[in-house]
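What follows is a set of notes on a single structure, which appears directly below.
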Amino acid sequence: MISAKTISKSIWKPRVPSLLILIFTVAFAACAHVSPPAGVTLAVETNDPDATIWVDDVLVGTVSAWAREGRHVRAGFHRIEVRAPGRYSVFEEIDQPDGGRAVVKANLRPLLE
């Protein structure tokens, strides 16, 4: 015959390791902190909010998405291009260390016809 003591021991044993794992996971997660993203903060200011931004010849988005706080790119040398239909493109090269901030100011001028 199985006693209540045997049943309670068999139920308790598997739960103890799971409970300890849960407690430690919560405790360590509470100690974690979020570090700022590595790299360079790049912001772009221009007279055409629909212009596109190209970093190292790769399309990365529109000026309206990058204007205020900027976005993060890896530290080092980059070639920035700002393009808009019917306007001359603006190019700028940046070379920033990790943690730096760069602001590209692009005055896009209309194409001459």
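The values are calculated or read from the model by the stated rules, or taken from the named source; none is laboratory data. Note that this is a predicted model, so its numbers are computed, not measured. Ideal geometry is used to build each Cβ from the backbone, glycine not excepted, and the neighbour counts take in all protein chains shown.
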> When you scan the stretch 67-95, how many residues do you find that are within 10 Å of LEU42 (Cα to Cα) and polar (S, T, N, Q)?
Replying inline: 0
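Given the criteria in a strand (DSSP E or B), among the charged types (D, E, K, R) and surrounded by 12 or more Cβ atoms within 10 Å (Cβ to Cβ), does GLU93 qualify? Break it down stepwise before answering.
Values: in a strand (DSSP E or B): yes; among the charged types (D, E, K, R): yes; surrounded by 12 or more Cβ atoms within 10 Å (Cβ to Cβ): no.
Considered against the rule, which asks whether it is in a strand (DSSP E or B), among the charged types (D, E, K, R) and surrounded by 12 or more Cβ atoms within 10 Å (Cβ to Cβ), GLU93 comes out as no.
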> In the stretch 77-107, which residue that is in contact with an Asp or Glu (Cβ under 7 Å, 6 or more places away or on another chain) and charged (D, E, K, R) is modelled with the lowest pLDDT?
Replying inline: LYS105
